[in-house]
Amino acid sequence: MDLSQLLNDVNDFVWGPIMLAFLVGTGIFLTIRLKFLPWLNLWYAIKMIMQHKADNEGDLSPFQSLMTALSATVGTGNIVGVATAMVLGGPGAIIWMWISAAFGLSTKYAESVLAVKYRETNSVGEMAGGPMYAMKNGIGGGLGRFMAAAFAIFAVCASFGIGNMTQANSISSAFSSLGISAEVTGIVLVVCSLAVLIRGVHSIGKVSSFIVPSMAFFYILFTVIIVIKNFENVPSGLAIMFQMAFSTEAVAGGVGGSIIASMLTAMRWGVARGVFSNEAGLGSAPIAAAAARTDHASQQGYVNMTGTFFDTMIICFLTGLVIASSGVLGTVDPETGKLISGAPLTILAFSTVYGEGAKYIVSIALALFAYSTILGWEYYGEKSLEYLVSNRAVIIGYRIVFSLITFIGATQTLDVVWNFSDTMNGLMAIPNLLCLVILHKDIANECFDYQKNFIAQGK
């Protein structure tokens, strides 16, 4: 067995049914443990995004912290992942993405609460937090330190692949369809990445605060226009989504043509792609949450959990609705004889309204989504490396190397590296989820205290 096949087998196991059940199961447990407060306070959380006090301890405003986290989560999964899930799991996969995201709200809330509660101040006065500090300071002892080190190592490894090279390759592929060479794309990426990353977290926060809302707004606008144009197909599209999401037998969808899927297939791909998109439970987003200026851990927990809502419940759902209502799902490529999937399927759906312009809209959206992911994941990788090595020269070196590697990602296809980093990404979830279960009392205490002393009193 060669290395590529071995990594592929390990990756299939890491992202298999057991891990997905652990991810969703933890979300269900936390939702019940917190008395459904993350659900009940969702509107409150959305209103809190823009509210902050400048004198609170932290590096970023709550909004900048959320945008930094969203920059890493709103990415290729919102365009490529949704289309792939609908081909492999049928239209019903979108419903399961929603269900997993609903419980993911509690998971994202909980891991962000722990990140703020157990954060520390580093040697240059910046906040350092995330699952590794919750494990070290919350769980403590040899077990806590071992779990923290394992998580940090997995996160650093994942940052170079899933947060860098795969994203750079997506940008290169998107622009190559527009006639721009991979080498030119790679050089531009290196320059743009260096310009932002070399100046650290404040620069990442400012750029993310501009790119993420802007790109999300325009993408949502373009998708809503398609849904309105194809509105006569929306009721049947929604009906087949629910039918295929909960059908005990494999059925072919009306909007899916030749797409045949059972409930279990829809569940598997919907949950897998949903988690891949919003990262609830992986432990990455709380690293950004720890940098926020906030006067209560629970406050930032609520703010950061809205990332799952915007990422999966809004953007992913709209992509799915566009594909379902446009009637392109199940289209076969005449050249290969295979079902069209991924970005080409999304472009095909957009072309029903925008024609040739669809290629430009989706390609530019994909490039911006992927670039923002590079920025967000550099921060995750940097803070994880900082936990392992406190030397500032090493941290600066990481920023430079991380930026340079975007050129390799843009110009090369490295399947072994991608499988390895995807596996590391999944392995991050194991110590993070264990930490959430072990420290559930701490999470609940913070949640109920905030509910009693802030929300109940209208603060």
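Since every read-out is calculated from the coordinates, none of them should be taken as a lab result. Everything quoted here is computed from the prediction, not taken from an experiment. Reconstructed Cβ throughout: ideal geometry from the backbone, glycine too, with neighbour counts over all protein chains shown.
Here are the numbers:
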{"read-out": "Folded to 0 to 90 degrees: helix 357-388 orientation relative to the chain principal axis, Cα", "value": "30 degrees"}
{"read-out": "Between helix 201-229 and the chain: long-axis angle, C-alpha atoms, 0 to 90°, nearest 10", "value": "30 degrees"}
{"read-out": "Pairs of lysines in the chain (C-alpha under 19 Å apart; 8 or more residues apart or interchain)", "value": "21"}
{"read-out": "Stretch in the chain that is longest and holds no GluC sites (Glu not before Pro) that DSSP places in a loop and that have at most 13 other beta carbons within 10 Å", "value": "58-248"}
{"read-out": "Degrees, to the nearest 10: 141-160 long Cα axis against longest axis of the chain", "value": "40 degrees"}
{"read-out": "For the chain, size of Cβ-based charge dipole, Lys and Arg +1, Asp and Glu -1, in debye", "value": "980 debye"}
{"read-out": "Summed side-chain charge close to ARG392 - residues other than ARG392 whose Cβ falls under 12 Å, Lys, Arg +1, Asp, Glu -1", "value": "-2"}
{"read-out": "Relative contact order (%) - the chain, alpha-carbon pairs under 8 angstrom, separation at least six", "value": "36 percent"}
{"read-out": "Cβ-defined net charge surrounding THR373, 12 Å radius [Lys, Arg +1; Asp, Glu -1]", "value": "-3"}
{"read-out": "Relative contact order, percent, region 326-459 [alpha-carbon distance under 8 Å, six or more residues apart]", "value": "10 percent"}
{"read-out": "Summed side-chain charge close to ALA158 - residues other than ALA158 whose Cβ falls under 11 Å, Lys, Arg +1, Asp, Glu -1", "value": "-2"}
